[in-house]
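What follows is one structure encoded as structure tokens, with my remarks underneath.
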Amino acid sequence: EVFNKAGTHDASATFSPDGQTVIFARSGNGDKKGESDKEVSLYTSSIKNGLWSDAKPLTYVNSTYWDGTPHISKDGKTLYFSSEGHPGIGRADVFVSKRLDDTWTNWSTPLNLGNSINSTSADYGFIISAIGDYAYLYKYASTENGGFGSEDLFRIKLSESSKPEPIVFVKG
């Protein structure tokens, strides 16, 4: 029900590492700020008509234009997303924002990941490896940085400033 809204025609989502929170972007919402905005919904078993809370916008992260392809890293605090509305290099650039508290609605000012990751074309679908050392990125119509044109996937070694916080996996 959280995602199922009349007029929505494009959606992408990412779940927190514990599966209790989903951040999603959906477009086609005439009542939203931009063409596509990121929203958050929390899992709870106390909701009468479902297991998820009503979606709340990520106010500080959303722009007045298209924002999409959110990805929360394994640290549960670092959000990567693409935007056409924040200042950038190309049509859509990849940004990072850090969660500032436990509300999931309070985020740092988005930071453009720069021209070592972004190009003059559209860059989106940024996903971080489990270790946090590499990212995978979809570039549309890219002939830059070794791309072959049309649509390409890139593997990028992350700089220290772009990496999420380290995590530890324990299995027993």
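The values are calculated or read from the model by the stated rules, or taken from the named source; none is laboratory data. Model, not experiment: these values are computed from the prediction. Every residue, glycine among them, receives a Cβ derived from its backbone with ideal geometry; neighbour counts consider all protein chains shown. What goes into the accessible areas is simple: the full protein's heavy atoms, side chains included, and nothing from ligands, DNA or RNA. Shrake-Rupley method; radii C 1.70, N 1.55, O 1.52, S 1.80 Å.
Hey, can you tell me all the residues within the range 54-105 that are in contact (Cβ under 8 Å) with a residue 24 or more places away in the chain and of a type in the set (S, T, N, Q)? Hits for the range 54-105 are THR59, ASN62, SER63, THR64, THR69, SER73, THR78, SER82, SER83, SER97, THR105. Entry remark, the range 86-105: residues being among the polar types (S, T, N, Q) and farther than 22 Å from ALA11 by Cα number 1 in total. On inspection, SER97 fails the criterion of being in a strand (DSSP E or B), closer than 21 Å to SER41 by Cβ, touching a Gly at 6+ places or on another chain (Cβ under 9 Å) and at pLDDT 85 or above. Within the range 154-161, does at least one residue satisfy the condition of being at pLDDT below 80, touching a Lys or Arg at 6+ places or on another chain (Cβ under 7 Å) and not β-branched (Val, Ile, Thr)? Yes, there is a match, as at least one residue in the range 154-161 is at pLDDT below 80, touching a Lys or Arg at 6+ places or on another chain (Cβ under 7 Å) and not β-branched (Val, Ile, Thr).
For the range 100-142, a residue qualifies if it is part of a loop (DSSP other than H, G, I, E, B), open to solvent by less than 20 Å² (accessible area, probe 1.4 Å), farther than 13 Å from SER82 by Cα and not polar (S, T, N, Q), and exactly one does: GLY132.
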